[in-house]
1. So, in the stretch 551-560, exactly how many residues are more than 16 Å from residue 389 (Cβ to Cβ) and buried (at least 18 other Cβ atoms within 10 Å of the Cβ)?
2. Looking at the stretch 460-485, which of its residues are part of a helix (DSSP H, G or I) and in contact with a helix residue (DSSP H, G or I) (Cβ under 6 Å, 6 or more places away or on another chain)?
3. Condition check: crowded, with 16+ Cβ neighbours inside 10 Å, modelled with pLDDT under 95 and in the same structural domain as residue 309 (by TED's automatic domain parsing). Does residue 348 satisfy that?
4. Please name all residue pairs, on different chains or six or more residues apart, with Cβ atoms under 7 Å, provided the first residue is in the stretch 522-535 and is under 22 Å from residue 562 (Cα atoms) and the second residue is exposed (fewer than 14 other Cβ atoms within 10 Å of the Cβ).
5. Being farther than 20 Å from residue 69 by Cβ and within 52 Å of the chain's Cα centre (by Cα) is the filter here; which residues of the stretch 197-218 pass it?
6. In the set 141, 151, which member is surrounded by 15 or more Cβ atoms within 10 Å (Cβ to Cβ) and under 12 Å from residue 590 (Cβ atoms)?
7. If you check residue 131 against the conditions, is it within 17 Å of residue 588 (Cβ to Cβ), under 48 Å from the mean Cα position of the chain (by Cα) and crowded, with 22+ Cβ neighbours inside 10 Å?
C-alpha cells in the first residue's frame, strides 16, 4: 500500500512539473486571434502565399512580430531546398518596416520599428512566393504544406487556409492540427475542383500548427526544383560580396607596411664606415646595400650573445648557450664531460664554478653574464646539465631579458626587440581572434558582410603576425655593428683564406669558437682549422674522456651546446521532412514570435 502511495505521489509530482514547465515555455502576454493563409498554385509551378496574421499584444508593448519560413528541409539524411522570395509586408494595410535574414535554414522576417513599441490589435500581411514545394506522390501530384508552422509559443485562436489551382484538377484533400506528428484532423472543404478550404477545429497551443495536403491530377502543374543556394564560403568570394573583404585585407596589410616603413626600418650611417653610437644616422632607404668587408675581431668587442641578438633580433637559447661556452673559455667555469653509462644512454655534463661569486671580479662581466652565473650556481659550486631540465626555464627568461636590456644599453637598438615584437603581436592576435569570431558568427547567422569583415581581419592579423618580426629597429650604430658582424662571419666561415691570422695568435681558436656557435658553423670551422694544420693549445675549461683533437673537440662542443640549449629551455609538463498524415510535416512550417 505504501509503495502504491509513493508511486501515485511521484506520478502526480511529475505531471505537475510537466504542466508548470510547459506553462513557463508558453508566452501568454499576447495572442494570435487569426492566422489566415491564401495559397495560390501558379501555372508556372511557383506557389504564391499570402499570410494575414491578426494579433493582440494587449497591454504588453512589443516592436512587432517575426516570421520564420523554412527554405531547407532535412528528411532521411537528405536535404531539400526551396526558394522563398518575399514580395511585400504590410502592417495594418500600410507598408511595414522589416528586415530579412537567413539563419539555420530559415528566412527570418522581422517586422516592426526597433525604436518604437506598440500595443493592442495589429494585422500583419506577408506575401511571398515559394519554388520547389510541389512533389510527385504515386498517382497524383501534391502540395503538402504546414500552414502556420509549429514554433509559435503563443495561442493561435483560429487558423484558416485556402488553396487554389489555376484550373480544375483537385482530387482529394486532408489536413491535421496539433503538435508535430499529430493525427488529429482539422476542418476541410473541397469547394470546387480548383479550390479547397481548411480551418482548425480547436485553438492551437504553443508548438502546435495546421498542416494541409492537396492532391491534384498528375502533370497539371510543372514540378519545379529550387537550385540549392551556393555555400556560404563560396558566396563570400563572389562579386560584389568579396569587395569588403578585399578592402579590409588591403587596408590591414597597408597599415602594417606603413608602420614598418615609418617605425621598423633600421637607421644607418649612409655609407660612412665605423660610425659610433654617439653619431646619429638616417632611416635606411628601402633596397639600399651595404659594403661587407672582412672583420678579424668582433665589432667593438661585442660578446657572442650580443652578436646573436644583432643578427636575428632575438635572444635565443643558443645565444645563452654560447655565453656559457664563452664564460668557460674566459675562465669563469669549467665543463666536464660525463660519459654515457650504457650503450643507449646519453652523455651528461658537469658545470663547475671556477671562481666563487664573492671572489669574482664582476667588473669583467656584463649584467646578463653575472645573472647567468648567479642562476646556474645559486648556493652551489657545481651542477649537472641534466638537472637543468624543467628547472631553469624561468631563469632563462630572466637572462634573455637582461640580454635585451644590454643591447639597448649599448645603443644597438632603440627599444628591446622583444617588447616591440610583443606590441605588434598583441595587435595581430586581437585582429586574428576578433576576425575569427566575426567569421564564425557571420557563418552561423548567414551574414555575408560580417563574414567578409571577419575573414578580412583574420587575414590582416596573420599579416601583422608575419610583419611583427621585422618591427624591431636597430640604431645607426647597431646597423653598423650588424654590417661589421657579417664581416666577422666571413672571417670565421672562410678561415682558410686568413690562415696567417690564426697562426699569429695561438689562442684564437678558443676566442672564435663561441662566435662560430652563434653563426652555426662550429664543425665547419673546426674542419678548416684541421685542414690548415692549426694546433691550438689544449683547453683546461673543457675536460673530456678523450685526448684533445680539434675536430673531436669541436664536435663535443657542438653536442654540448645542443644539449645545453635543450635542457635550459625544457618546460615541465602540466598535470592534471517529409511525413504524410501529421501536423507539421511536408513543406512550409517554421513559426514566429514577438520582439
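The values are calculated or read from the model by the stated rules, or taken from the named source; none is laboratory data. These numbers come from a predicted model, not from an experiment. A quick note on method: Cβ atoms are made from the backbone with ideal geometry, for glycine too, and the neighbour counts reach across all protein chains shown.
1. Residues meeting the conditions: 4.
2. The first filter runs over the stretch 460-485 and keeps only residues part of a helix (DSSP H, G or I), leaving 460-468, 476-485.
The answer is 460, 461, 463, 464, 465, 467, 468, 481, 482, 484, 485.
3. yes
4. Pairs found: 526/551; 527/551; 528/496.
5. Matches in the stretch 197-218: 199, 202, 203, 205, 215.
6. Sole residue among the options that is surrounded by 15 or more Cβ atoms within 10 Å (Cβ to Cβ) and under 12 Å from residue 590 (Cβ atoms): 151.
7. no
Here's the yes/no breakdown for (1) under 17 Å from residue 133 (Cα atoms); (2) surrounded by 22 or more Cβ atoms within 10 Å (Cβ to Cβ); (3) modelled with pLDDT of 95 or more:
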| residue | (1), (2), (3) |
| --- | --- |
| 168 | no, no, yes |
| 173 | yes, no, yes |
| 182 | no, no, no |
| 194 | no, no, yes |
| 197 | no, no, yes |
| 209 | no, yes, yes |
| 212 | yes, yes, yes |
| 219 | yes, no, no |
